[in-house]
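Below is one structure, written out as structure tokens, with a few remarks after it.
Each value in this text was obtained by applying a stated rule to the coordinates, not by laboratory testing. For clarity, every value in this text was computed on a predicted model and none was experimentally measured.
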Amino acid sequence: MPSSIPTPAGTTPQSSVLLLEEYDALAAAIGSALKKFAPGHPVSVARSLSEAEALAGKTRPALFVVDVDPPWPGLTDFIGKMGDANPDARVLVIGAAIPKEIADERGSFGALQFIEKPFELADFGAAVQALLGPWREPESASSRGTLHTLNLSDVVLMQCAAGANAIVEVESDQERYGEIHVVEGQISHVETGELTGAEALEEIFTWSEPTWSEGKRNPSANRTIRGPWANVFLEVLRRTGAAQPVVTFPAEEREQAPSTSAAAKKIVVIDDTEMLLIFVEDVLATEHPEWQITTASTSAAGCKEVERILPDLVLLDYSLPDFNGDEVCRRLLQDERTAHVPVLMMSGHVLEMNASAARFENIVATIEKPFLSEALVELVQRTLEGAPPRMEVPSEQVAPVETPIHPPPGRSKVETKRLAHVEPVSERHLASSISSLAPAESEMMRSAPATAPVSAPVLSASTNAVFGLFLDVLSMQFTPQLQMGTIRARPSSLTVSLHLPSAALRDSLPVETGFQLGRTELDANGHIAKMRLIPTMKPFQPAKTRNTFEIGDVSVVPGEKRERVQLTPTVTAPMTMQLLAHLDLAGVELSPTFQVSQVVLKWRGSRVRVTLSAKATGGEAQGAEFEITVVQLDPDGRITELLLNPIR
């Protein structure tokens, strides 16, 4: 991959982005995402701190994107140098999660912003666009997000996010010296003079104009920070006033307060990703300074703001930490004061979002994450004007909803959204029905009223299918006789394969385009009962399998009859294998525009075959038989982890 990604033709370079990434594959992936979310910003890629320092001197980047997993020796000194040379630059650190209590208290006021790895593309895009945006602030707010405000807490949190073993050496202008030791990403020991532990940490944070550097020796095994380090660190930040550095804007950078005229639109944005809230607020306020934008990071807080403000529009995330967007819509409809408030739902979970739009009449439009600023502004404007979203907007920017903002006279929105019931049909009928949908769709769209959405039937069948999922091994057990034991693994990606023996169905379903994992249903015993796959509309590319791994940890697992040795690979070099399962095609769900939106698979049991061949499709007897004993799902019902036991 070249060290510089050129700016697309026809765009005007605004400011550059510097990506510090050691691995070529990740550099290519993140570089591609940066081109999507920052199309007018040239991107340079560095694979070492020295190369990054040289490139920064030439390009003077507005944004540094730094992958700190695995840790970079000397990163503390590098960030310090970049702060001196590029005080107006912003930094996005990719690494382990910052403890939630610290992230909540610190907010976005630090010089470094953090995103957990692995991350959702929507969250990454929102963070990049927010950091490259204006970050509009009222006059009383603090200046945030630039290296100009880099402080000791930023540096320590960066080493924690890196999971590092490092020492941060601190000196004051009064010739005092202290050390903060980080072991595997946790603050374990602090010392200065005769003080140690929390007292030493608080003392160091009271020093005026401290300087810091990265120690050359390994951190001490002595532990003086007792209890959860995050609680100690947060309490010190609160007592010393270091949680939110306050630096006011120069007069010329201050933004005028939004207009409070009667013509100003009031919008409430509810999303649990802070950088997305910043991005959405900045985009809308930049385009329409007269709009009044209020944000909330939880469903409960959002409902209170809607009740208080009675806005003209609510921008609502589907997946929220306390309760999801469905429940928010239901509560708003139950209150006479808020029942009329229109909702624009935002989510990367397109199927769930569209299902919500079909159930709740206050959802008047949807937009699929990740989205670009232009798509968001256009959709918000059209929604506020009372017009339905345009159908021709690309789905990667806006996921349109055919439901009109205003229902036709004499007919409620609930009635227009009612789905038709379709009896199960045979495999041959299913194939012919799907293949004939294109002309049927055209005829229906011509004959249907302009305001009435097309119903979304579910067609059912029963035929054999082979499901393929690539897994990364998290741990592997062996008996004393070196026989294979339990394997703990997680999907290496959401992309899966589907192979059908029926030629008719292969011609009708988009099996060659690949699928992504959708919602999985478990039976009473915790075994997989049904699984939904979502067409990606992109050519399926099998992952690369890996038949070896670097051992990161060795442990002994006690058992009733005999102990087992458990090997855990390093994060950077896991074993990758393919899981194959023979399932029944139970149904095909169609979108309101009669496109295949989901394929429903019914599991026959828990037996699967595991192979190290990336090209195996289930027709050959490769690999070994295993049984899935434990399935772990995320809040959206997608598989996050499996336990596999060998069948002998």
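Remarks
- Other-chain or far-sequence residues with amide H under 5 Å of Val65's (modelled H): Leu18, Leu19, Leu20, Leu92
- Its Cα gyration tensor gives region 4-240 an equivalent ellipsoid, and the semi-axes of that ellipsoid, as √(5λ) in whole Å with the largest first, are 31, 18, 17.
- Once backbone amide H atoms are built at 1.01 Å from N, Gly587 has Ala461, Val600 as its partners under 5 Å, excluding neighbours fewer than 5 places away on the same chain.
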